Amino acid sequence: MVFRARSAGRLPGSADPPVALRKWASAAKLSRRELTATLEAALSLLIARWQVGRIAPTRWPQHIRFAPEAQRAGRADAEHDIRLIRRAVARAARNLPLELLCLPQALAAQRMLVRRGIVSDLRIGVERPDEASAGDAPRAFHAWLVAHDRFVTGDCDEASYCQLVAPEKP
């Protein structure tokens with residue numbers, strides 16, 4: 001058997017590598033900090049998904065922990081970590097074989113921010129009815145996380161949502 005180096009992409013007649021290999025190849029290109037954050041995000045997403053699946057939505061306000069008071073002081077140099085966590089959670093959510101909607105993503109990102117001592121506000125809301133739609137049309141729920149006046153997860157137009165859970169005031 002003769003091995004040939006790939007010069008321009010792939011050898012003629014060869015198939016594309018499986019998706020899993022492409023994902024490993026792209027993960028290998030990440031810096032150690034990015035890879036560690038992505039693995040932390042994947043674990044946090046799995047924990048958050050499990051929590052959301054076990055708690056009835058009517059009990060979320062009692063069981064979902066918002067930023068603890070000890071963490072309310074915040075950090076001045078948090079912008080870099082916020083961007084890192086935003087990318088890591090998005091990357092992990094995209095690559096895990098589960099449907100990870102907005103609430104597990106917001107909870108996972110908040111867990112990561114709390115570990116770093118960064119203040120964040122988890123917001124949960126329901127879509128406001130618009131003038132054109134019927135009053136009894138179903139409306140979407142959405143969760144998003146804001147830290148230092150920046151969206152970490154769940155980018156949205158906040159004005160189009162009626163917040164069910166408002167941010168805690170220090």
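Need a quick list: strands (runs of 3 or more DSSP E) entirely within segment 88-170 having at least 2 residues that are at pLDDT below 85 and surrounded by 14 or more Cβ atoms within 10 Å (Cβ to Cβ). I'd like the intermediate steps shown before the answer.
Details: elements: 121-127, 141-147, 150-153, 161-165.
Correct list: 161-165.
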Legend entry - Leading residue by the ranking (modelled with the lowest pLDDT) among those in segment 17-76 that are part of a loop (DSSP other than H, G, I, E, B) and of a type in the set (Gly, Ala, Ser): ALA67
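The values are calculated or read from the model by the stated rules, or taken from the named source; none is laboratory data. On a predicted model such as this, the values are computed, not experimentally measured, just so you know. Using ideal geometry, Cβ is built from the backbone for each residue, glycine included, and neighbour counts are taken over all protein chains shown.
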